[in-house]
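Report on the structure given below.
Here, each number is a calculation from the coordinates, and none is a lab measurement. In this text the structure is predicted, and so the values were computed from the model without any measurement. Glycine also receives a Cβ, built like all others from the backbone with ideal geometry; neighbour counts cover every protein chain displayed.
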Amino acid sequence: MSKATFPKDFLWGGATAAYQCEGAWKEDGKGFAVTDLLTAGTREIPRIFTPEEKENTYYPAKQAIDHYHHYKEDIALFAEMGFKVYRMSISWVRIFPNGDDEIPNQKGLEFYHKIFQECKKYGIEPLVTISHHDVPLALALKQDGWLSRKTISAFVNYCETIFKEYKDEVKYWIVFNEINMMTSYFGDIYTGGILSNGTTHLDIAHASEEALSADKMKKRFKALHHQFVACAKVVEIGHKINEQFKIGSMVAADAHYPYSCNPVNVIAAQKSMRRIWYCADVMVRGEYSYVADSYLKDQGICLTDLDITVEDKAILQAGTIDFLALSYYTSGCHAVDEVHETTAGNFSLGVANPYLKKSDWGWVFDPQGLRWMLNELYGRYNIPLFIAENGLGAVDEISEDGKIHDPYRMQYLDNHVSAMREALEDGVNLMGYTWWGPIDLISASTGEMKKRYGFIYVDRDNEGNGSLKRIRKDSFYRYQEIIKTNGACVK
């Protein structure tokens with residue numbers, strides 16, 4: 001039996017986020033996002049949020065990799081790899097420095113015009129993430145960010161502004177990045193509601209849901225509901241502005257398995273998938289499904305706590321997304337019958353899988369989990385899927401020959417491309433694939449630079465030192481070959 005081929009119009013590319021790559025955090029009228037004021041950390045030391053800039057404190061977002069001034073060089077390198085699409089995010093506070101300003105910042109609008117024009121020069125399609133965790137600090141201070149319904153109207157105005165501004169330059173949009181992260185330990189930071197919640201640390205390595213109060217969980221899910229309403233409104237408005245727009249939203253979709261065939265473990269793994277279904281059901285189907293009730297009850301709350309109005313329900317029905325984007329990095333196992341070693345990832349992924357190897361940051365390598373996840377999502381929703389993030393963070397060293405040899409990244413890439421092909425053989429409708437961090441950027445979870453994802457090395461260390469010189473890694477040429485052959489070079 002011959003293997004499936006990738007569609008001729010398959011969108012190969014890479015993905016970045018504004019606050020992790022742009023830098024220039026005070027230039028040209030830009031305001032502060034909450035994520036700008038996260039200090040550096042490590043896997044052992046959590047990042048700390050400071051409501052205002054502190055002297056003698058290192059903020060990785062301050063300069064990041066200075067994509068703001070290097071975008072022409074960076075996009076040229078993406079084009080050299082053969083990118084068909086560049087997934088990037090617009091920084092809300094570059095357009096509206098306070099989130100709800102009466103008029104947009106013209107220099108911010110102009111910057112993204114330049115990005116899109118540079119992409120067009122090389123035949124690269126922009127895929128724009130509208131909100132990649134960068135809630136305006138001013139809205140966090142004034143109204144607790146997404147905990148307030150007022151933020152819905154501010155966000156909708158922001159979206160309408162950029163839809164009209166870039167309607168002839170951008171076709172593909174993702175409203176929210178990994179929206180289900182709001183239900184996890186990221187939620188307090190990324191809602192902008194960290195002040196009322198009393199959270200100042202982003203502790204990914206040691207995060208636990210067990211000690212959270214029902215009141216805190218209620219705030220997270222209320223903020224998430226406000227994002228659902230905003231997303232639906234934005235979809236409807238976007239389609240009116242340009243009927244050709246393809247508007248999706250995104251979930252973090254790591255696979256969850258039972259550790260053993262003990263039925264209690266099977267049920268535990270099944271319940272863990274509700275982190276994904278809870279959000280995707282609303283955005284794709286336009287309503288809270290039966291999953292929502294049991295999922296919320298396990299958090300000590302119920303749907304009535306979210307103040308869902310009749311108008312909200314109508315809005316959700318009217319504004320369903322065109323495609324579902326997902327990130328996939330790893331998988332986890334669930335065991336409730338006995339104690340096992342734990343693992344790490346974007347969510348608390350349970351115990352370590354004895355059949356899989358782990359990265360230096362505790363994430364297991366599981367390309368078959370991607371195939372499984374694509375089948376689960378497509379079977380449940382039957383709308384086009386887009387892999388908006390997939391990648392490997394690792395410590396890369398410059399060799400004596402001045403090059404970066406990263407066979408581990410090439411193997412990870414090949415294995416996941418192979419899994420995508422298998423999913424296509426299964427019948428999944430897959431639009432495209434954007435590798436997370438085609439160029440090294442600062443880590444969202446730790447703020448480190450040594451956790452490198454890129455095909456392009458950036459000379460910068462964890463303390464912000466370095467020339468910012470860009471160097472092609474070996475994986476650069478492997479991805480170039482994959483795109484040139486439309487995946488056919490991968491066995």
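Calculate for the chain the 222 nm mean residue ellipticity that helices alone would give, adding -39,500 (n - 2.57) per DSSP H run of length 4 or more and normalising by residue count, nearest 500 deg cm²/dmol.
So the calculated ellipticity at 222 nm is -11000 deg cm²/dmol.
First check a/c for the range 12-106, with a ≥ b ≥ c the square roots of the eigenvalues of its C-alpha gyration tensor; if it is under 1.5, answer rounded, and if not, answer prolate when a/b is larger than b/c or oblate otherwise.
In terms of gyration-tensor shape, oblate.
For q values of 0.14, 0.16 Å⁻¹, compute log₁₀ I(q)/I(0) with the Debye formula on a Cα-only model of the range 227-285, without solvent.
-0.54, -0.62
With 10 angstrom as the radius, rank I65, I124, I276 by how many other C-beta atoms surround their C-beta, starting from the fewest.
The fewest-first ordering by Cβ neighbours comes to I124, I276, I65.
Measuring from label point to label point, each 7 Å out along Cα→Cβ, what is the A394 to N415 span in nm?
1.0
Filter the cross-link list K403/K469; K233/K297; K62/K469; K164/K246; K8/K84 down to pairs whose alpha-carbon distance in this structure exceeds 21 Å.
In this structure, K233/K297 exceed 21 Å between Cα atoms.
Using P(r) over Cα pairs in 20 Å bins from 0, in percent as the read-out, say which of (i) 21, 52, 24, 2, 0; (ii) 24, 62, 13, 0; (iii) 23, 44, 25, 8, 0 was calculated from these coordinates.
Checked against the structure: label (ii).
So, in Å, what gap is there between the alpha-carbon centers of the range 38-115 and the range 313-333?
Measuring centre to centre over Cα atoms gives 24 Å.
If the chain between R285 and T304 were fully stretched, how many nm would it gain, using 0.36 nm times the residue separation less the Cα-Cα distance?
4.9 nm
Mind sorting H113, H416 by how few other Cβ atoms lie within 10 Å of their own Cβ, fewest first?
Ascending Cβ contact count within 10 Å gives the list H113, H416.
Looking at the square roots a ≥ b ≥ c of the eigenvalues of the Cα gyration tensor of the range 38-169, which shape do they give, rounded for a/c under 1.5, prolate if a/b is larger than b/c, or oblate?
Oblate, because a/c is 1.5 or more while a/b does not exceed b/c.
Please rank T434, T183, fewest neighbouring Cβ atoms within 10 Å first, as an exposure proxy.
T183, T434
Helices from the chain with mean Kyte-Doolittle at least 1.0 and a Cα length along the axis of 27 Å or more, per DSSP H: which?
None pass (Cα extent of 27 Å or more, hydropathy at least 1.0).
Could you please report the charge total around E311, scoring K, R as +1 and D, E as -1 over all other residues with beta-carbon less than 15 angstrom from its beta-carbon?
-1
Calculate, in nm to one decimal, what E425 and K142 gain on full extension: separation in residues at 0.36 nm each, minus their alpha carbon distance.
96.8 nm
Can you tell me, using C-alpha contacts under 8 Å and at least 6 residues apart, the relative contact order of the chain as a whole percent?
About 18 percent, as a whole number.
How long is the gain from Y477 to E27 if the chain were fully straight, where each residue apart is worth 0.36 nm and the alpha carbon distance is subtracted?
158.6 nm
Starting from the 7 Å offset along Cα-to-Cβ, what nm value, one decimal, do you get for the label separation of T5 and N56?
Using points 7 Å along Cα→Cβ, the separation is 6.4 nm.
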